[in-house]
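This report concerns only the one structure given below.
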Amino acid sequence: MATIAEQVRDLIFSRFVHTPTFGQQEACKKIVSFLYDTNPSSAFVLKGYAGTGKTTLVSALIQILPQLRLRTVLLAPTGRAAKVLSNYSGKKAYTIHKKIYYTATDEYGIMHIARAKNKHKYTLFIVDEASMIGETLTTFGGNVKNLLEDLVDYVADGEHCRMLLIGDSAQLPPIGSTISPALDVENLESITNLNIYDYEMQDVVRQQEQSGILFNSTLLRNYISEKKDIESSLFRLENFTDIIRVGGADLEECLNREYSENELGDVVVVCRTNKRANIFNREIRNRILYREGELNTGDFLMVVKNNYYWVDSDSEMGFIANGDIVEVMQVRKYKELYGFRFVDVTLRFVDYPDMENLDCTILLDTLASEASALSDADSRRLFEEVMLDYTDIPKKSERLAMLKTNPYYNALQVKFAYSLTCHKTQGGQWTTVFVDQGFLPDNVMDTDYLRWLYTALTRATKKVYLLNFNDSFFE
């Protein structure tokens, strides 16, 4: 007679369309052991490379958990990653920030972020794209919180709650970190008292072997695991139709074709630097989309800094997050104030289809900035200029409270979303991705560059163009 564990594994595999791989079977065994561990202070780290069937396994697990009388909460670091998780699981997902934080106002009227209380019981928190979770988070007013520790503590606060962290260890770690702290078992054990289960899926599912994107991603992943500089060729393109080498002379024709065959927000050019992304954004708007204005109705933008001003904390979003994609529905009045330029707009939030369009103000200075957002020096300058409006208020705390209500100080910081750096695309998916080689000193392909390249390739669901890569990359 089958044991309970075997029955649960069979129940999970009954949701599969194809026969599970060895990696899926082994991961499933460990997950079931984790679910039935009598020690509630446990967590599971499920790592899996692109194409290993991680998504299929997690989707099947989510579907059968109600039969085990377990509730689930699905989380991801960004709105776009949460949307991807919702799409493949068939269940609503939230950003981590929306779920574990709330905004509060102190006695002086100054808003700050606090960790919420976990009121869930017998719940599995499934956190996708965990490679993106850093250990620092800058919140409203410049406060710094430890996102990973707050997430662990939030889950532990619940009654019989535990967490499943899912991610790809070959992807880029958070900016400023050499590891992905939420996927590193030693790191998790050092900051928590949890019993950590883990498994890494490595074998690509048979149905994906004809994908040039996944074939070449697997080659990159194997090089990454060797942790050494690569001097030989990286890519093999023969017999594949979904990964294509293209030079600058053919770029405009390829972009025109992809934009005519896909929705506007389904194509992206991934670059190494903001400076390079600005060039692509300018040329795509001018030569492909024929946009003549500085900002036009129909433009797609990415928010590049968390914003807690324009939406209510109890709304579906909770706040506007760094990485959220928006479409400009209306451009209204341009203004110059405090030495900066602003525009009033109406925005549609692409990853929140049920949310009403939002009227707000955008800071235009960040659109073409070579920094990731407004520089520290410009942020200080804006702060000081706005504060001059409140010099008649004697108390500093009251002046700060007024600052937090100023729509220009709280203007959304955005960039065009036709071309983005790899870190900004992480957690999202696009139908077609153009990957620009970028500057490579002495043509040395070290592990950091390979991680960047792997992450860029795996943003695509259907097609990748390798743009301006030199001959040494190819057989």
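The values are calculated or read from the model by the stated rules, or taken from the named source; none is laboratory data. What you are looking at is a predicted structure, and each value in this text was computed from that prediction instead of being measured. So basically every Cβ, Gly included, is an ideal-geometry build from the backbone, and we count neighbours across all protein chains shown. Remember, those area values only see protein heavy atoms, side chains included, never the ligands or the DNA or RNA. Shrake-Rupley method; radii C 1.70, N 1.55, O 1.52, S 1.80 Å.
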Original post:
Out of curiosity, is residue 82 open to solvent by 20 Å² or more (accessible area, probe 1.4 Å) and either of a type in the set (Gly, Ala, Ser) or in contact (Cβ under 8 Å) with a residue 24 or more places away in the chain (or both)?
Top reply: no
Original post:
Out of all the residues in the range 441-475, which are closer than 13 Å to residue 170 by Cα and assigned to a helix (DSSP H, G or I)?
Top reply: 447, 448, 449, 450, 451, 452, 453, 454, 455, 456, 457
Subject >> Members of the range 4-41 found to be touching a Lys or Arg at 6+ places or on another chain (Cβ under 9 Å), surrounded by fewer than 18 Cβ atoms within 10 Å (Cβ to Cβ) and either farther than 19 Å from residue 199 by Cβ or of a type in the set (S, T, N, Q) (or both), listed by number >> reply: 18, 19, 25, 40, 41
Subject >> Top-ranked residue of the range 160-197 - restricted to ones that are in contact with a Lys or Arg (Cβ under 7 Å, 6 or more places away or on another chain) and assigned to a strand (DSSP E or B), ranked as surrounded by the fewest Cβ atoms within 10 Å (Cβ to Cβ) >> reply: 197
Subject >> Tally, over the range 264-279, of residues that are over 13 Å from residue 433 (Cα atoms) and either of a type outside the set (S, T, N, Q) or assigned to a helix (DSSP H, G or I) (or both) >> reply: 7
Original post:
Taking the condition buried (at least 18 other Cβ atoms within 10 Å of the Cβ), under 22 Å from residue 347 (Cβ atoms), at pLDDT below 95 and of a type in the set (A, V, I, L, M, F, W, C), does residue 382 pass?
Top reply: yes
Original post:
Among the numbered criteria (1) at pLDDT below 95; (2) open to solvent by 80 Å² or more (accessible area, probe 1.4 Å); (3) within 26 Å of residue 112 (Cβ to Cβ), which single criterion is violated by residue 397?
Top reply: (2)
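Conditions tested, residue by residue: (1) within 18 Å of the chain's Cα centre (by Cα); (2) at pLDDT 90 or above; (3) outside any loop (DSSP other than H, G, I, E, B); (4) more than 28 Å from residue 425 (Cα to Cα).
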site: 18; (1), (2), (3), (4): no, no, no, yes
site: 32; (1), (2), (3), (4): no, yes, yes, yes
site: 38; (1), (2), (3), (4): no, no, no, yes
site: 46; (1), (2), (3), (4): yes, yes, yes, no
site: 82; (1), (2), (3), (4): yes, no, yes, no
site: 86; (1), (2), (3), (4): yes, no, yes, no
site: 109; (1), (2), (3), (4): no, no, no, yes
site: 117; (1), (2), (3), (4): no, yes, no, yes
**OP:** Could you look through the range 198-210, keep only residues that are open to solvent by 20 Å² or more (accessible area, probe 1.4 Å) and at pLDDT 90 or above, and pick out the one that is nearest to residue 453 (Cα to Cα)?
**Re:** 200
Original post:
If we scan the range 345-352, do we find a residue that is assigned to a loop (DSSP other than H, G, I, E, B), at pLDDT below 95, under 30 Å from residue 271 (Cβ atoms) and in contact with a strand residue (DSSP E or B) (Cβ under 9 Å, 6 or more places away or on another chain)?
Top reply: yes
Subject >> Count - residues of the range 438-451 that are closer than 24 Å to residue 250 by Cα and in contact (Cβ under 8 Å) with a residue 60 or more places away in the chain >> reply: 2
**OP:** Could you pull out the residue among 409, 418 that is under 13 Å from residue 302 (Cα atoms) and in contact with a helix residue (DSSP H, G or I) (Cβ under 8 Å, 6 or more places away or on another chain)?
**Re:** 418
**OP:** Please verify whether the range 424-438 includes one or more residues that are within 21 Å of residue 212 (Cα to Cα) and assigned to a helix (DSSP H, G or I).
**Re:** yes
**OP:** Using the structure shown, decide if residue 89 is surrounded by fewer than 17 Cβ atoms within 10 Å (Cβ to Cβ) and of a type in the set (Gly, Ala, Ser).
**Re:** no
Subject >> Scan of the range 223-246 for residues that are assigned to a loop (DSSP other than H, G, I, E, B), under 26 Å from the mean Cα position of the chain (by Cα) and modelled with pLDDT of 85 or more, ordered by number >> reply: 242
